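A short write-up of the structure that comes next.
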Amino acid sequence: MIQGGKMLQGEVGVGGAKNHALKILAASLLFKSPIKIQNVPLIEDIFRMAELLESLGVQVTKTETNTFLVDAHRITKTQLSDEITKRLRSSIVLAGPLLARLGRVEMTHPGGCIIGKRSIDLFIEGFSRMGVICKESGGRYIFQARKLHGTDFTFRIPSVTGTETLMMAAILAEGKTILRNVAEEPEILALAEFLNHSGARIKGAGTPVITIEGLGKKRRLSAKKDARVLPDRIEAGSLLILASLLAKDVVIRHCIPEHLESLISHLAITGVKIKRGKDWLRVSRPPELKALSFKTDGYPGFATDLQAPFVVLLTQTNGMSQAFETIFEGRLEYIHDLNRMGANITLRDSCRAMISGPTSLHGREMESPDLRAGLAFVIAALVAKGNSTIHNIYQIDRGYERIEKKLQAIGAHIKRVTSGE
Ligand code: EPU
């Protein structure tokens, strides 16, 4: 429950990145000895991934707050649980290391947020090029390969999880793999750096072409140091957007401003002034916010995961803005709820929205459709006049660790209410 309209002040810290932690957990399957992972966010998607690994025979232990020890020396199964796979897109990432190590994976179609088709055709193309026989029947996949061999594969569309999955499969393949037109997200570079410290031979991560010298199926990785999850640039970016709307003076700590250059430059055009250090950002609401149009893109472009929070900001700017979602074809559905709060947004098509501002938002009852739109509703409710109730906050808990505590610490009137309370 949220009471809107309060200005915010103080310091807030950013947690570990969901989309980095999930991939390090998946990478544990490539190791012969346990790996320790620090700065793991305690969020629902991480718990689901841990359960999925445990169902394969992997031991996952939380040793201290935000630190996990993962021991995958013994794997007893290669079939992924349908129930979890349907909830978690990153289940598919396990297919890469599992195929490389055990030569077989059986799984249903991976789920996750309903924001578009979310096909896995690029994974199947890549696996096939590495010698995997891919069979599909009634939404179930069986991937099989006696051994994986290196290949030269060009992604038709850069895919984040596709890049990570094929990169990890190639580590234990025979020979050299070249992956072209890959995604360049910082989490991919950080994953490759950890894997290289542990014996992998990956070059070019963070650029459009990655080359991997395969070690062969018999070798396995061994960690020389703990893995550390990057600060979550999407959580940091969402807090930055919130602070641009409501901060008297807010400092966002434990973040990497360099990972947020695109958002920062967009905010600068709207009139927001941001001070920055190596791992912090300081912001306050300007007297007036100016409209601007934007489009989402792969990193270093404007992150699709920040699109919904940024649209909330644009409801408060002077003039007409356009949001163009270029990554997912179904990621603007939430705007209907913003309109019910008083926003003036028109859909030109399923990917383009025209936002006319500023509009005064009023609180209401809403259902969180997915995790990023769910947080956008929290931001909208904090800006709105009156009270809002947001249901289905499992979606928000999938990606943000106790977000209400962080927001309370900077003065937000938000509380978690269990049903029936
Ligand atoms: N695509 C295909 N075929 C494929 C794979 C992808 O057509 O086989 C398409 C997608 O439908 C989409 C485009 O390629 O249109 C790019 O999708 P991508 O594969 O890069 O997305 P993803 O790997 O499924 C990850 C994050 C998303 C984030 C996107 C884009 C994880 C677990 N998920 O998804 O995060 O939005 O990259 O940056 O890393 C979130 O955290 O809320 C979230 C949705």
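Read the figures in this text as sums done on the coordinates, not as results from a lab. As the structure is a prediction and not an experimental result, all values here were calculated from the model. FYI the Cβ positions are ideal-geometry reconstructions off the backbone, even for glycines, and counts take in every protein chain you see.
A few comments on the model shown:
- Here the ratio of the Cα radius of gyration of region 115-243 to 2.2 N^0.38 Å is 1.15.
- Local net charge near PHE155, Cβ-Cβ under 13 Å (Lys/Arg +1, Asp/Glu -1): -2
- Summarising the amide proton neighbourhood of LYS385: residues at separation of 5 or more, or on other chains, whose placed amide H is nearer than 5 Å comprise LEU361, HIS362, GLY363.
- For region 214-286, fraction of C-alpha pairs farther apart than 20 Å, in %: 39 percent
- Computed from backbone phi, the HN-Hα couplings of region 30-36 come to 8, 9, 8, 10, x, 10, 9 Hz, rounded to whole numbers (Karplus: 6.51 cos²θ - 1.76 cosθ + 1.60, θ = phi - 60°; Gly and Pro given as x).
- Built amide H within the under 5 Å cut-off of GLY319, gap 5+: GLY357
- FRET efficiency estimate (nearest 0.05) - Cβ-Cβ, LYS135 to LYS218, R0 22 angstrom: 0.25
- Pairwise FRET efficiency - THR207 versus ARG146, Cβ, R0 = 30 Å, nearest 0.05: 0.40
- Reach of LYS6 by Cα under 16 Å, taken over aspartates and glutamates that are not fewer than 8 positions away in the same chain: ASP249, GLU404
- Order of MET1, MET167, MET341 under a 10 Å beta carbon neighbour criterion, fewest first: MET1, MET341, MET167
- Low-density loop positions, GluC sites (Glu not before Pro), region 238-344 - DSSP coil, at most 16 other Cβ in 10 Å: GLU288, GLU329, GLU333
- Bridgeable lysines around LYS117 (alpha carbons under 17 Å apart, same-chain partners fewer than 8 residues away excluded): LYS86.
- For the chain, the antiparallel share of DSSP beta bridges with both residues in that region comes to about 70%.
- C-alpha center-to-center spacing [region 71-130, region 238-278] in angstrom: 36 Å
- Electrostatic dipole magnitude of region 100-227 [Cβ: Lys, Arg +1; Asp, Glu -1; Cα centre; debye, to 20]: 600 debye
- In the calculated pair-distance distribution of region 43-92, the portion above 19 angstrom amounts to 25 percent of the Cα-Cα pairs.
- For the chain, the relative contact order comes to 19 percent (Cα pairs under 8 Å, sequence separation of at least 6).
- As a proxy for reagent exposure, ranking THR165, THR304 by other Cβ atoms within 10 Å from fewest up yields THR304, THR165.
- Candidate lysines for bridging to LYS217, where Cα separation is under 26 Å - those fewer than 8 sequence places away on the same chain excluded: LYS23, LYS32, LYS36, LYS77, LYS135, LYS147, LYS176, LYS203, LYS225
- Potential lengthening between GLU125 and GLU83 on full extension [0.36 nm per residue; Cα-Cα distance subtracted]: 12.6 nm
- Fewest-first ordering of LEU53, LEU239, LEU347 by other beta carbons within 10 Å of each residue's beta carbon gives LEU347, LEU53, LEU239.
- The value of relative contact order for region 178-335, using C-alpha pairs under 8 Å at least six residues apart, is 19 percent.
- Among the trypsin sites (Lys or Arg not before Pro) within region 79-183, those in coil by DSSP and having at most 13 neighbouring Cβ atoms inside 10 Å are LYS117, ARG146, ARG156.
- Region 191-218 versus region 19-61: alpha-carbon centroid distance in Å: 19 Å
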